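K.L.:
Take this structure first; my questions come after.
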Amino acid sequence: MSDEPLVLGIETSCDETGAGIVRGRTLLADEIASSMDQHARFGGVVPEVASRAHLEAMVPVIDGAFAKAGVKPADIDAIAVTAGPGLAGALMVGVAAAKAYAYALGKPLYGVNHLAAHVAVDQLEHGPLPAPCVALLVSGGHSSLLLVPDVTGTVVPLGATIDDAAGEAYDKVARVLGMPFPGGPPIDRAAREGDGAAIKFPRAKLHDGTLDFSFAGLKTAVARWVEARQDAGQPVPVADVAASFQEAVADVLTRKAVAACTAQGVTDLVVGGGVAANSRLRALAADRCAAAGIRLRVPRPGLCTDNGAMVAALGASIVSAGLPPSPLDIPADSSLPVTEVLVR
Ligand code: KG4
Ligand code: ZN
């Protein structure tokens, strides 16, 4: 018998219904259902549609996770659930399900922060997080640099986007280029055939001395550039636009991440969130961290985008730290601050 906690993690903050099961830092199951095909034609996630899809997928996904892990519900030690931030109605479905399982099974409930879970998930692949580390968190809803002395309790914001999130910029640029939603994967693919130095797109706030980001101007610059070509009756070199946009995003993110480590005297950087699946961001982060003597940790792409395993991973760390569980009446908090790792 292992004395590491066996934890079920439930994730429903956006369009993915995720259920993961981990024992300590060992991943046993990571089941996922996505309602993305129902949102794609709207060019964004429709909250009500996502909530309904979570409701339908929740029990089958959890059953699937137990079957895959080969454990019985009664065997688990705790249930962790994303309590925020995210879409209010979508979060509510996961939180309600987690409460029902916790109550029915007589197991403790841990309402946890989605953003901290994006960082904690790396432990499933690369072992315990160095303390402290700096985390670059880049998703559809957030772009932040965080100092993480302890992912189960203390997360300190160092900088964040002042407008669009990096993922949001990918999604909007993809629309300009006639690519499907979500835009990250098709831009990543198209960019492989293009030249990242072909068009010099703006890198806002690069030398402003802060650890904040801004991507709204970049998105607009790409749209204007494409419009100008179209107005002139010229073909749009889609691969070059995708690669040049991607280079601008990866350049700013990696420079500021390295600057954050240097400023904090921290030698370990973790990159997480859906945009961390991006091939150019991963490659450039590797180059720049190597040059700066920083150890880089990035989970495999499947663990970067939303999933249940990340919630289970954070839950297991919290249980191992001996922290008390959340009360059964915790709310789903769509704007849960990044500093609140565990809801009490
Ligand atoms: O973390 P995530 O799955 O959901 C949120 O918490 O928001 O991130 C989703 C975002 C989307 O904006 C999507 O376009 C972006 O991650 N994304 C990518 C890639 N894969 C997903 N962005 C760039 N390159 C990718 N390969
Ligand atoms: Zn996320």
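What follows is calculated from the coordinates using simple rules that are stated; it is not laboratory data. No experiment lies behind these values; they were computed from the predicted model shown. Please note: Cβ atoms are built from the backbone with ideal geometry, for glycine as well, and neighbour counts cover all protein chains shown.
K.L.:
What is the range 90-203 by shape, rounded, prolate or oblate, if you read a ≥ b ≥ c off the alpha carbon gyration tensor as root eigenvalues and call it rounded for a/c under 1.5, prolate for a/b larger than b/c, and oblate otherwise? Numbers along the way, then the final one.
P.N.:
Details: a/c = 2.50, a/b = 1.65, b/c = 1.51.
The shape class here is prolate.
K.L.:
Whole-Hz Karplus ³J(HN,Hα) for the range 37-50, in order, using 6.51 cos²θ - 1.76 cosθ + 1.60 and θ = phi - 60°, x for Gly and Pro?
P.N.:
5, 7, 9, 3, 5, 8, x, x, 7, 8, x, 5, 5, 5
K.L.:
Here's a follow-up. Can you give the convex hull volume per residue for the Cα atoms of the range 23-147, as a whole number of Å³? The partial results should precede the final answer.
P.N.:
Working: hull volume 15.1 nm³, N = 125.
Once divided by residue count, the hull of the range 23-147 is 121 Å³.
K.L.:
List the equivalent ellipsoid semi-axes of the range 129-301 in whole Å, largest first, each obtained as the square root of 5λ for an eigenvalue λ of the Cα gyration tensor.
P.N.:
Values: eigenvalues 174, 43, 40 Å².
Semi-axes (√(5λ), whole Å): 29, 15, 14.
K.L.:
Which lysines have a Cα lying under 23 Å from the Cα of K99, excluding residues fewer than 8 positions away in the same chain?
P.N.:
Excluding near neighbours in sequence, the set is K68, K72, K107.
K.L.:
Go ahead and collect, in residue order, the members of the range 91-123 whose backbone nitrogen is under 15 Å from a label point 7 Å along the Cα-Cβ direction of A131.
P.N.:
120, 123, by backbone N distance to the label point.
K.L.:
When the chain is modelled as a GNM with alpha-carbon springs shorter than 10 Å, which of A80, A50, A198 fluctuates the most?
P.N.:
Ranking A80, A50, A198 by mean-square fluctuation puts A198 first.
K.L.:
Please give the length that would be gained between M36 and A67 if that part of the chain were fully extended, namely 0.36 nm times their separation in residues minus their C-alpha to C-alpha distance (nm, one decimal). The partial results should precede the final answer.
P.N.:
Values: separation 31, 0.36 × 31 = 11.16 nm, distance 2.45 nm.
Extra length from M36 to A67 when fully extended: 8.7 nm.
K.L.:
Now, a different point. Could you please state, rounded to a whole Å, how far the C-alpha centre of the range 8-59 is from the C-alpha centre of the range 149-208?
P.N.:
Answer, in whole Å: 23.
K.L.:
Check A80: other-chain or 5+ apart residues with amide H under 5 Å from its amide H, H built from backbone geometry?
P.N.:
L8, G9, I10, Y110
K.L.:
Something else now. Give the residue from A248, V341, A57 lying farthest towards the positive end of the charge dipole for the chain; charges sit on Cβ (+1 for Lys and Arg, -1 for Asp and Glu) and the dipole is referred to the Cα centre.
P.N.:
The Cα lying farthest towards the positive end belongs to A248.
K.L.:
Taking only Cα atoms and a 10 Å spring cutoff, compute GNM fluctuations for the chain and point out the largest among D150, D171, D63.
P.N.:
In the Gaussian network model the winner is D63.
K.L.:
Name the residue, out of V236, V173, V252, whose mean-square fluctuation peaks in a Gaussian network model built on the chain with Cα pairs under 10 Å.
P.N.:
Highest fluctuation among the options: V236.
K.L.:
Charges on Cβ only, +1 for Lys and Arg, -1 for Asp and Glu, centred on the Cα centroid of the chain; of C261, G106, G302, which one is farthest towards the dipole's positive end?
P.N.:
Result: C261, furthest along the dipole toward the positive end.
K.L.:
To the nearest 10 degrees, how steep is helix 308-320 against the longest Cα principal axis of the chain, on a 0 to 90 scale?
P.N.:
Orientation of helix 308-320: about 50 degrees from the principal axis.
K.L.:
Roughly speaking, what is the stretch gain from S335 to R255, that is 0.36 nm per residue apart minus the C-alpha to C-alpha distance, in nm to one decimal? Working shown, then result.
P.N.:
Values: separation 80, 0.36 × 80 = 28.80 nm, distance 2.78 nm.
So the extension gain works out to 26.0 nm.
K.L.:
I would also like to ask the following. Can you count the Lys pairs in the range 129-301 whose Cα atoms are under 16 Å apart, with each pair 8 or more apart or on different chains? Working shown, then result.
P.N.:
On the way: K172/K219; K200/K219; K205/K219; K205/K256.
Taking the Cα cut-off of 16 Å, the pair count is 4.
K.L.:
Whole-Hz ³J(HN,Hα) for each residue in the range 275-290, computed from phi via Karplus 6.51 cos²θ - 1.76 cosθ + 1.60 with θ = phi - 60°, x for glycine and proline: what do you get?
P.N.:
Per residue, the Karplus-derived 3J(HN,Hα) values read 6, 5, 6, 5, 5, 6, 4, 5, 5, 5, 4, 4, 4, 6, 5, 4 Hz.
K.L.:
Got a sec to turn the phi values of the range 257-274 into Karplus ³J(HN,Hα) couplings, 6.51 cos²θ - 1.76 cosθ + 1.60 with θ = phi - 60°, whole Hz, x for Gly and Pro?
P.N.:
5, 5, 4, 5, 4, 4, 4, 8, x, 10, 9, 10, 10, 10, 10, x, x, x
K.L.:
Taking amide H positions as placed 1.01 Å from N in the peptide plane, with prolines and chain starts having none, which residues 5 or more places from F215, or on another chain, fall under 5 Å of its amide H?
P.N.:
Answer set, sorted by chain and number: I162, D163, D164.
K.L.:
So if R0 is 22 Å, what FRET efficiency would V59 and A321 give, r being the distance between their Cβ atoms, rounded to the nearest 0.05?
P.N.:
Details: r = 30 Å, r/R0 = 1.36.
It comes out at approximately 0.15.
K.L.:
Right, another one. For q values of 0.08, 0.13, 0.15 Å⁻¹, compute log₁₀ I(q)/I(0) with the Debye formula on a Cα-only model of the chain, without solvent.
P.N.:
Values, matching the q order: -0.37, -0.94, -1.20.
K.L.:
Return the tail of the calculated pair distribution for the range 207-344, meaning the percent of Cα-Cα pairs more than 17 Å apart.
P.N.:
Working: 6823 of 9453 pairs.
Counting every Cα pair in the range 207-344, those more than 17 Å apart make up 72 percent.
K.L.:
Still on this structure, I have one more. Which value results when the Cα radius of gyration for the range 121-168 is divided by 2.2 N^0.38 Å? Each step should come with its number before you reach the end.
P.N.:
Values: Rg = 11.7 Å, N = 48, 2.2 N^0.38 = 9.6 Å.
The reported ratio for this selection is 1.23.
K.L.:
Using 1/(1 + (r/R0)^6) with R0 = 35 angstrom and r between the beta carbons of T154 and A74, what's the FRET efficiency to the nearest 0.05?
P.N.:
Values: r = 34 Å, r/R0 = 0.96.
Step by step, r from the Cβ atoms, then E = 0.55.
K.L.:
Find how many whole Å separate the alpha carbon centroid of the range 84-143 from the alpha carbon centroid of the range 276-344.
P.N.:
7 Å
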